[in-house]
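Read through the structure below, which is laid out as structure tokens, and then see the notes.
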Amino acid sequence: MLLVIGFVIAGLDFGVILVIFANTTTLTGFSREEVMFLYGTAQTAFTVADMFFSNLDRISIHIKAGTFDTMLIRPVSSWVQVATDRFLPTRVSRVIQALLVLGYAASALRLEAGRLWMVPVMIGCGIVIYASLWTLAGAVQFVLTDAPEVVNAFTYGSGQLSQYPFSIYGRDLVRGVTYVLPLAFINWQPALYVLGREDPFGTPYFMRFLGPVAALLLAVPAGAAWRWGIRMYRSTGS
């Protein structure tokens, strides 16, 4: 039942795209299949990261209950323990739904074979970027012990934002998610290369290939923030 429910909920997100294109032929110049490609790549990366790493933002529960102390004395990384504490394999249905959409879009678009190597690269980088966001969200919980919804705006909110062409957003927002929080490298910039499209915001062509660099530049401070949170942790007392 959980597998079916997960598939239906993911289908509702995708249904929004179908509703949009029931009333128009393009979205800021992107066809339905191109938007489906953006959705499929972003959601594949997001749902995989959600399945394996989203529990990191629940660390506040362990901090308040005092159970995080137990994790610190085990011979396994506390990051791994928190991430896998409530692993839900039923979320695989959302991954399957995203892959089905991506597969259909790639087939319908007849993408150039020489550019398809970018697809697994962008999905891999997207997983790292989303995992880094959840790591940062977990690190924030060491300070804001009871504010999981605040950090959810950056994790689940990023997943929603990446489903659509960035050309529908304002220029300042796109600059922020390109040069500050590198969400544009989850699928927007590399997808422009795969689709053979020009960037409507005029970014340099080489930025299509900076996904691995962006993922690394976010993963390093995320890891440092997690270690800082561990050092700041003082237990709950008794």
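The values are calculated or read from the model by the stated rules, or taken from the named source; none is laboratory data. These numbers were taken from a predicted model, which means no experiment stands behind them. Methodologically, a virtual Cβ is constructed for each residue, glycine included, from the backbone with ideal geometry; neighbour enumeration extends over all protein chains shown. Side chains included, ligands, DNA and RNA excluded: accessible areas come from the protein's heavy atoms. Shrake-Rupley method; radii C 1.70, N 1.55, O 1.52, S 1.80 Å.
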Point-charge dipole on Cβ atoms (K/R +1, D/E -1) for the chain, about Cα centre, debye to 20: 380
Karplus-derived HN-Hα couplings along the range 26-31 (A = 6.51, B = -1.76, C = 1.60, θ = phi - 60°), whole Hz, x at Gly and Pro: 9, 10, 6, x, 9, 6
At 1.567 mPa s and 4 °C, plugging the Kirkwood radius over alpha-carbon pairs of the chain into Stokes-Einstein gives what diffusion coefficient in µm²/s? 69
For the range 8-47, accessible area per residue (1.4 Å probe, heavy atoms of protein chains only), Å²: 39
For the range 170-230, using Cα atoms only, the Rg and Dmax in Å read 13.4, 45
Tell me which trypsin sites (Lys or Arg not before Pro) from the range 42-140 have a DSSP coil assignment and no more than 16 other beta carbons within 10 Å of their own. Arg86, Arg110
Principal-axis tilt of helix 2-21 within the chain, Cα atoms, nearest 10 degrees: 40
Stokes-Einstein D for the range 120-238 at 4 °C, 1.567 mPa s, Kirkwood Rh over Cα pairs, in µm²/s? 85
Expected output is a single nm value to one decimal: the length gained when fully extending between Ile168 and Val143, i.e. 0.36 nm times separation in residues minus the C-alpha distance. What is it? 5.5 nm
Sulfur and carbon atoms: percent of accessible area, the range 101-232 [1.4 Å]: 67
Extension reserve of the Phe201-Arg175 stretch, reckoned as 0.36 nm per residue once the Cα distance is removed: 8.5 nm
Spacing of the two label points (7 Å from each Cα toward its C-beta) at Ile230 and Glu112, in nm: 4.5
Which longest run of the chain has no exposed loop site in it, a site being GluC sites (Glu not before Pro) in a DSSP loop with at most 15 other beta carbons within 10 Å, and the site itself not part of the run? 1-111
Can you tell me the accessible area per residue over the range 79-238, all protein chains present, probe 1.4 angstrom, in square angstrom? 48
Report the charge-dipole magnitude of the range 67-171 in Debye, nearest 20, computed about the Cα centre from +1 at each Lys and Arg Cβ and -1 at each Asp and Glu Cβ. 380
